Amino acid sequence: MSNSDAAETTAGNSETAAGAAETVDVVVIGAGFAGLIASRELGNAGYRVLTLEARDRVGGRTWTDHRLDHDLELGGTWVHWVQPHTWAEMTRYGREIVRSPAAEEARWLGAGGERRVASLDEFMALISPGQQRIIDDVRDIMPRGTEPTVGGISAIDHLTIQQRIDSLEMSEEARSANESVWVGHVNAPLDQTGISSAYRWVSATGGHWELMHEASATYRVVGGMSEWTRLIAKSVPGEIRLNTRVTAVAQHPGGTTVTCANGTQINARAVISTLPANAIGGIKFSPELPAVWQRQFAEKVASQGTKVWVKVRGSLPRFFGYATPQHPLSVLKSEFVHDDFSILVGFGPDHTALDVSDLGAVQAAVDAIRPGLEVVDATSHDWVADPLSRNTWMTHRPGQLSRDLAELQQPQGVLHFATTDNADLWGGFIDGAIESGLREAHTVAEALGPQN
Ligand SMILES: Cc1cc2nc3c(=O)[nH]c(=O)nc-3n(C[C@H](O)[C@H](O)[C@H](O)COP(=O)(O)OP(=O)(O)OC[C@H]3O[C@@H](n4cnc5c(N)ncnc54)[C@H](O)[C@@H]3O)c2cc1C
């Protein structure tokens, strides 16, 4: 099946097509952003590239699906022009952005859990001093977003975001609001998340936390993420083989043999794994993975939360709301408002805390932030339970960034690693995935030498 067929139909059938071993220059494992970009670059440089993807679609942790009578982004959604790799690909494929609706009101739980309703400006004024103080020294700690381990980060990387917030003098009202904002950002309990994420994101936006807020949750891609990744897939020279889960990668003198779940074997001069750190244990590597990958897989990164779409009856004023990090949904906002129904999107730090098939539980989670709405349906994809991702958008545990990032970028023989998890600038984001794909395509091409 050609790559464009794969992109058109998203229905490869290679699991049943076991046969004699093929030989290519490079096997790329995974057709998310990192894999698609690496395959495209190497294919365009003249190498024979085969992309193997376990799912029945390209896009990985980005996926636009029609649910709740709407096209919904179940994974990665928001992009911004301060994300340089993302923006270059937006331009290349003629993509445009649309703004998620601006909130007419902000809702949060204040001191003593009392409900507050105010304007978004009033909420921003409440969190502003705390948000600034959390990263006040960003120019010393992480002066360049493109080199996140340069600066003072290693001296404080052992701290959690919770410890940083606890160390600051704040009113109970401001503390609670700042905690809710950060738990929404990192999709994980704050006492398990390293302070590095706060510095990385603000460093990537030139030291400005307000711009970081805008960059991470404001502009969606017109036409959806799946249309964008379908276009990228169409431009990849070489086959993208769907429904093809890799089970083993064995290096030997002269190259590598990649084995798939259907028994197919492919010989290659180089392999790029784009598996997230949390999922990389799904493949048996020989020799064993470098210690740094084994450690990350054993420890897991911090992000372990949920993204939930909720359909409610009727129209409503556009809102942005917060509960606490202890609630199943700590963030909720109106994303699509129609006359007869509206769609909300919510985030929580624990993927096990809310069963979306239990509409009573979803109603309670919504009521905690925005009472008075009638939940009629809800949906989600559990990326943390999904064995092909085991993670949402990567945020590090304390110490992982400064201890591991440089090593995670190193190849092991002819095995290379490209994933948003080992990107420099926007690690954890789509931008980081693209960066890592470009980086490893370059490194592999250097190692293999020019194609005639
Ligand atoms: C709920 C959610 C919300 C997010 N929101 C945003 C956002 O708003 N903005 C943003 O920039 N980012 C966001 N992200 C993060 C962003 O989606 C990811 O950082 C990015 O898509 C990761 O790309 P990747 O190529 O590194 O990894 P992936 O997309 O995970 O790609 C890895 C690929 O490898 C495949 N694979 C795994 N194991 C095997 C195997 N054994 N054999 C073959 N194939 C295999 C997987 O199926 C997958 O397709 C979000 C993510 C989630 C889940």
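Quick note: the coordinates plus some simple rules give every number you see, no bench work behind them. Keep in mind that this is a model prediction, so the values were computed, not measured. Ideal geometry is used to build each Cβ from the backbone, glycine not excepted, and the neighbour counts take in all protein chains shown.
Each Cα pair under 8 Å and six or more residues apart adds its separation to the average, and for the chain the resulting relative contact order is 25 percent. Sorting GLU73, GLU446, GLU173 from the fewest to the most surrounding beta carbons within 10 angstrom yields GLU446, GLU173, GLU73.
Judged by the gyration tensor of its Cα atoms, with axes a ≥ b ≥ c, the chain is prolate; a/c meets the 1.5 cut and a/b is the larger of a/b and b/c. Backbone phi angles across region 151-162, fed through the Karplus curve with coefficients 6.51, -1.76 and 1.60 (θ = phi - 60°), yield HN-Hα couplings of x, x, 4, 4, 6, 10, 5, 6, 7, 8, 4, 4 Hz in residue order; Gly and Pro are listed as x. Specify the angular offset, from 0 to 90 degrees and rounded to the nearest 10, of the alpha carbon long axis of helix 225-234 from the longest principal axis of the alpha carbons in the chain. Orientation of helix 225-234: about 10 degrees from the principal axis.
Within the same chain, lysines fewer than 8 places from LYS333 are excluded, and of the rest, those with a Cα less than 26 Å from its Cα are LYS307, LYS311.
Here the 3J(HN,Hα) profile of region 274-291, calculated from phi with Karplus coefficients 6.51, -1.76 and 1.60 at θ = phi - 60°, is 10, 5, x, 4, 5, 10, 5, x, x, 10, 8, 9, 9, x, 4, 4, x, 4 Hz, Gly and Pro shown as x. Partner lysines whose Cα lies under 18 Å from the Cα of LYS234, excluding those fewer than 8 positions away in the same chain, are not found. Remark on THR244: its backbone amide H falls under 5 Å from those of GLU53, ALA54, ARG55, a criterion applied only to residues 5 or more positions apart or on other chains, H modelled at 1.01 Å from N.
Ordered by the count of other Cβ atoms within 10 Å of each Cβ, fewest first, SER154, SER100 give SER154, SER100.
On a C-alpha basis, how far is the centre of region 328-386 from the centre of region 390-419 in Å? Whole number, if you could? For region 328-386 versus region 390-419, the Cα centre distance is 32 Å.
The magnitude of the dipole of the chain, with charges of +1 and -1 set on the Cβ of Lys/Arg and Asp/Glu and taken from the Cα centre, is near 740 debye. Once the chain from VAL150 to ALA291 is taken as fully extended at 0.36 nm per residue, the excess over their C-alpha distance is 48.5 nm. Working from Cα positions, state the angle (0 to 90°, nearest 10) between the long axis of helix 172-186 and the longest principal axis of the chain. Helix 172-186 sits at roughly 20 degrees to that axis.
All other residues with a Cβ under 10 Å from the Cβ of GLU169 taken together, and with Lys, Arg as +1 and Asp, Glu as -1, what is their net charge? Net of charged neighbours comes to +2. Residues whose amide H falls under 5 Å from that of ILE272, counting only those 5 or more places apart or on a different chain, are VAL27, VAL28, ILE29, HIS416, with hydrogens built in the peptide plane.
With axes computed from alpha carbons, what is the tilt in degrees of helix 359-369 against the longest principal axis of the chain, rounded to the nearest 10 within 0 to 90? Here the helix axis deviates by roughly 60 degrees. For region 69-185, what class follows from the C-alpha gyration tensor (a ≥ b ≥ c being the square roots of its eigenvalues): rounded when a/c is under 1.5, otherwise prolate if a/b is larger than b/c, else oblate? Since a/c reaches 1.5 but b/c is at least a/b, the shape of region 69-185 is classed as oblate.
Only helices enter this figure: runs of n ≥ 4 DSSP H residues, each worth -39500 (n - 2.57), summed and divided by the residues of the chain, yield -9500 deg cm²/dmol at 222 nm to the nearest 500.
Among rounded, prolate and oblate, which fits region 122-215 when a ≥ b ≥ c are the square roots of the eigenvalues of its C-alpha gyration tensor, a/c under 1.5 means rounded, and a/b larger than b/c means prolate? The shape class here is prolate.
Note on LYS300: lysines with a C-alpha under 21 Å away, same-chain residues under 8 apart excluded, are LYS284. Taking amide H as placed 1.01 Å from N in the peptide plane, ALA378 has its amide H under 5 Å from the amide H of LYS311, each at least 5 places away in sequence or on another chain. Fewest-first ordering of MET170, MET90, MET394, MET225 by other beta carbons within 10 Å of each residue's beta carbon gives MET170, MET90, MET225, MET394. The DSSP beta bridges internal to the chain are antiparallel in roughly 70% of cases. The distance from the alpha carbon centre of region 224-256 to that of region 99-141 is 42 Å, rounded to a whole number.
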